[in-house]
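Okay, so here's the structure we're looking at.
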Amino acid sequence: MPTDEFCLDLNFRPTLPQNHDVPIGCIGAGFIMADCHLVAYREAGFNPVAISSRDASKARSVAERHDIAKTYESYEALLDDPQIEVVDIAVPPDIQLDVVRATVQRNDHIRGILAQKPLGVDYAQAVEIVELCEQAGITLAVNQNMRYDQSIRACRDLLGRGVLGEPVLGTIDMRAIPHWMPWQQRLGWVTLRIMSIHHLDAFRFLFGNPQRVFCSTRPDPRTAAKFEHSDGICLSILEYESGLRASSWDDVWTGPALEGSESDIGINWRVEGTEGLARGMIGWPSYPARTPSTLDFTTTRRPGYWFQPRWKDVWFPDAFVGPMAQLLVALETNSEPEISGRDNLGTMALVEACYRSAAEHRAIEIGEITG
């Protein structure tokens, strides 16, 4: 196989800040914080100094595990700590707005917020969060971490270099059984705002904003036995003005894999262009086993070859370095982060359009949501 710039020089790592010592306060001590954020931050050399949780014993346990100096029994107490300059919010979506409201009141010492996705419970609430931060002069970033999976970022680099030509068709096919969070039952959500949002945001990262979307959903039989929902299995088609089409097939049933049949689980993606083809696999369904995501591509610029660069990074937890890194870089350079709250409104609008499309059985123009 030839060795040249196609496979040796792909830009897939996030830009890191020069100053890794900015004090970070962590709100929430669940799985995503304890097993993803903090693992990635320690590996990158970032500086989490405090953590809070409604369950004080959980906060203390996570602090001890990750060598965090201070614990607080409430997020308000953590926010009052004048040492903290950046807040990492990992709480359920219906609590997020209250935490942001409290945070912006401390803008004398808090300069940045990294908020979990989804940004609030709907598009309107996301707009409110963005505006609160802008009015307070606080830089807001959203933890859309699939953008920082190595295979997705490397594909973006290929597109930027023109190696694949003009994009024609992009697809993501997810067959996976996620671990549900207790708050999902309270909100009645299963897939669109939890898993599909990753894929819809990845399409925006790769291709920009679509013009319209058609989405069809049905309940997941397994989860329907636990609570009522509409968005179990979600099939979405995005239409772009250029003629590009993108589709996300998000299947959290995957057949009766937990009920006794054999399983066929994975996340595969594919981008076809006028001059090349890229395909990849997201290693996440194997977590906690470290299964690196992969990328293969071929191009008319070098006919007859499949390029198969390989890296050891994995989506969970390594990609969680990227969102915090971009927030810290934005604070350092006085610029908007790549995953700014304002940009994320495009993803929230797309998710909202999917819900409306499924309910009304028609394609939805994104402008119907954003006005």
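A few remarks follow.
- Shape class for region 44-180: prolate, because the ratio a/c of the largest to smallest gyration tensor axis (alpha-carbon atoms, square roots of eigenvalues) is 1.5 or more and a/b beats b/c.
- In plain terms, the chain from residue 301 to residue 185 could stretch by 36.7 nm, reckoned as 0.36 nm per residue minus the Cα-Cα distance.
- Mean sequence separation of contacting Cα pairs (under 8 Å, at least six apart), scaled by the length of the chain, corresponds to a relative contact order of 21 percent.
- The length gained by stretching the chain between residue 131 and residue 18 to full extension, at 0.36 nm per residue less their Cα-Cα distance, is 37.8 nm.
- Whole-number percent relative contact order across region 326-371, with pairs defined as alpha carbons under 8 Å at least 6 apart: 27 percent
- In terms of other Cβ atoms within 10 Å, 229, 179, 198 run from fewest to most in the order 179, 229, 198.
- Axial C-alpha extent at least 24 Å, average Kyte-Doolittle at least -0.5 - helices from the chain (DSSP): 341-360
- Exposure proxy order (Cβ contacts within 10 Å, fewest to most) of 53, 357, 216: 216, 357, 53
- Placing +1 on the Cβ of every Lys and Arg and -1 on the Cβ of every Asp and Glu, with no other charges, gives the chain a dipole of roughly 600 debye about its Cα centre.
- Distance from region 286-344 to region 80-104 (C-alpha centre basis), Å: 26 Å
- 11 Å reach of a label modelled at residue 259, 7 Å along Cα-to-Cβ, counting backbone N of region 202-241: 221-225
- Spin-label pair residue 218/residue 76, simplified geometry with 7 Å Cα→Cβ offset, distance in nm: 4.8 nm
- In region 31-74, the GluC sites (Glu not before Pro) that fall in loop regions by DSSP, at most 16 other Cβ within 10 Å: 73
- Note on region 5-100: dipole from Cβ charges, positive end direction compared against 39, 22, 83; the farthest Cα belongs to 39.
- Whether region 152-197 is rounded, prolate or oblate, judged on the alpha carbon gyration tensor where a/c under 1.5 counts as rounded: prolate
- Measuring against 27 Å, Cα to Cα, the residue pairs 58/117; 70/117; 226/312 contain 226/312 as the ones spanning a longer distance.
- Annotation note: trypsin sites (Lys or Arg not before Pro) in region 307-371 located in DSSP loop regions with a Cβ neighbour count of at most 15 within 10 Å are 310, 312, 362.
- For a label point 7 Å along the Cα-to-beta-carbon line of residue 365, residues of region 186-217 with backbone N under 15 Å: 210-214
- Once the convex hull of all Cα atoms in region 164-299 is built, its volume per residue stands at 115 Å³.
- Evaluated at q = 0.10, 0.14 Å⁻¹, a Debye calculation over the C-alpha positions of the chain (equal weights, vacuum) places log10 I(q)/I(0) at -0.63, -1.26.
- Highest mobility in the GNM of the chain, judged by mean-square fluctuation with C-alpha springs under 10 Å and restricted to 348, 181, 33, is found for 181.
- Loop sites in region 274-370: GluC sites (Glu not before Pro), DSSP, at most 15 other Cβ within 10 Å: 275
- Length gained on full extension, residue 311 to residue 239: 22.7 nm, using 0.36 nm per residue less the C-alpha separation.
Values quoted throughout were computed directly from the atomic coordinates according to the rules given, and no laboratory measurement underlies them. Predicted, not measured: the structure shown is a model, and the values here were computed from it. So basically every Cβ, Gly included, is an ideal-geometry build from the backbone, and we count neighbours across all protein chains shown.
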